[in-house]
Amino acid sequence: SITRLIRDLNLIYRHEAAMHQEEHNPSHFNWLMVDNADQSVFAFQRTVDEDTLVFVFNMTTNYYDYYNIPLLQDGTYEEIFNTDKDVYSGWGQYNGLPIHSEPGSFEGLPHHMSIKLACLGACIFKKI
């Protein structure tokens, strides 16, 4: 339900420093994918101190079983939010296990990760 979705987003906002600390400071923000007009997917990263969150949005009705997201940092990322979970009345197309980044240039950045990306979906990944 939408009430649960808003509640969960508010909990993430309060708990994750990268969501609220120095949110006015542009040095904590990086576009990862901004000009993908063909697939209408965009992604950005917020980093504050050691906390990094990656946000991914699919603005179309296309579902992707494997979608590469460019990354600035190597590491392991855990999905902490996905609008397609069944608790939000979605189809349950989410990334259940931590995802390890892979080396190799993608969209001009040094690393990438491959994720499931639901139609009209939004995901938040935390670097762990």
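The values are calculated or read from the model by the stated rules, or taken from the named source; none is laboratory data. Since the model is a prediction, treat every value here as computed from it, not as a measurement. Neighbour counts run over all protein chains shown; Cβ positions are idealised from the backbone, glycine included. Quick note on the areas: whole protein, heavy atoms, side chains included, nothing else; ligands and nucleic acids left out. Shrake-Rupley method; radii C 1.70, N 1.55, O 1.52, S 1.80 Å.
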(message) Which residue is least open to solvent (accessible area, probe 1.4 Å), if the candidates are limited to region 1-17 and must be free of Cβ contacts under 8 Å to residues at least 60 places away in the same chain and among the aliphatic types (A, V, I, L, M)?
(response) A17
(request) Return the pairs, sorted by first residue and then second, in which the second residue is of a type in the set (D, E) and in a strand (DSSP E or B), the first residue lies in region 96-111 and is in contact (Cβ under 8 Å) with a residue 12 or more places away in the chain, the beta carbons are less than 7 Å apart, and the residues are 6+ apart or on different chains. (result) P98/E78; H111/E102
(request) Please state which one of F44, F57 is part of a strand (DSSP E or B), free of Cβ contacts under 8 Å to residues at least 60 places away in the same chain and open to solvent by 30 Å² or more (accessible area, probe 1.4 Å). (result) F44
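Condition check ((1) at pLDDT 95 or above; (2) of a type in the set (F, W, Y); (3) touching a Leu at 6+ places or on another chain (Cβ under 6 Å)) across all residues:
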| residue | (1), (2), (3) |
| --- | --- |
| D35 | no, no, no |
| Q45 | yes, no, yes |
| E50 | no, no, no |
| D65 | no, no, no |
| E79 | yes, no, no |
| Q93 | no, no, no |
| H100 | yes, no, no |
| P110 | no, no, no |
| K127 | yes, no, no |
(request) Considering each of D86, D38, D65 in turn, give the residue that is open to solvent by 60 Å² or more (accessible area, probe 1.4 Å), touching a Gly at 6+ places or on another chain (Cβ under 6 Å) and over 18 Å from K127 (Cα atoms). (result) D86
(request) Quick one: which strands (runs of 3 or more DSSP E) lie wholly within region 74-128 and hold at least 1 residues that are over 20 Å from M19 (Cβ atoms)? (result) 102-106, 109-117
(message) Based on this model, can you work out whether V56 counts as β-branched (V, I, T), within 12 Å of the chain's Cα centre (by Cα) and under 25 Å from S1 (Cβ atoms)?
(response) yes
(request) Return the total of residues in region 98-128 being of a type outside the set (S, T, Y), farther than 16 Å from N82 by Cα and open to solvent by 40 Å² or more (accessible area, probe 1.4 Å). (result) 8
